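Written out below as structure tokens is the structure these notes cover.
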Amino acid sequence: TARLLAGLIRTGSPAAVRRVLPEALPWVTFLPEADIDQFLTELVTVAQGAAAIGNLSPMAVLLTQWRHTAEVYADPALLATLTREPEGDLGPVPVPDGER
């Protein structure tokens, strides 16, 4: 599957993959276009790596991370909160306990 996906992207059929992507992962609808391209690139890379080591856990992590990104874009209030720049310097960060 990883090789098939990579082959489709590499041989000039990324548009076909992008068209069917919302059927497989409906939450991609909320991602901006540039993020969909980045997601597809990461998906191919991680799928190939995961297949090579015989461990699909990295795929689950990637999909969860991108799903959460889509959830942020789907909620305008949350997106505004997370993308708002803080005003001024927030001051020095204290050293965590036990790290001195």
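The values are calculated or read from the model by the stated rules, or taken from the named source; none is laboratory data. Being a predicted model, the structure only gives us computed values, none of them experimental. Note that each Cβ is placed from the backbone with ideal geometry, even for glycine, and that neighbours are counted across all protein chains shown. Calculation scope for accessible area: heavy atoms of the full protein, side chains included, ligands and nucleic acids excluded. Shrake-Rupley method; radii C 1.70, N 1.55, O 1.52, S 1.80 Å.
Glu23 fulfils the conditions (1) over 12 Å from the mean Cα position of the chain (by Cα); (2) in a helix (DSSP H, G or I); (3) acidic (Asp, Glu); (4) more than 18 Å from Leu4 (Cα to Cα) except for a single criterion, (4).
For the stretch 62-100, how many residues meet the condition of being open to solvent by less than 80 Å² (accessible area, probe 1.4 Å) and either under 21 Å from Leu25 (Cβ atoms) or basic (Lys, Arg) (or both)? Residues meeting the conditions: 11.
Tally up the residues in the stretch 50-80 that are assigned to a helix (DSSP H, G or I), within 19 Å of Glu33 (Cα to Cα) and over 16 Å from the mean Cα position of the chain (by Cα), please. Explain how you work it out, then say what you get.
Kept after step one, since they are assigned to a helix (DSSP H, G or I), are these residues of the stretch 50-80: 50-53, 57-74, 76-80.
Subsequent filtering for residues that are within 19 Å of Glu33 (Cα to Cα) retains 62-74, 76, 79-80.
Narrowing the set further to residues that are over 16 Å from the mean Cα position of the chain (by Cα) leaves 76, 80.
Qualifying residue count, the stretch 50-80: 2.
Counting residues in the stretch 39-51 that are at pLDDT below 95, open to solvent by 80 Å² or more (accessible area, probe 1.4 Å) and farther than 18 Å from Ala6 by Cα gives zero.
Every listed requirement among (1) open to solvent by 50 Å² or more (accessible area, probe 1.4 Å); (2) out of contact with any Pro (no Cβ under 6 Å at 6 or more places or on another chain) is met by Thr29 save one, (2).
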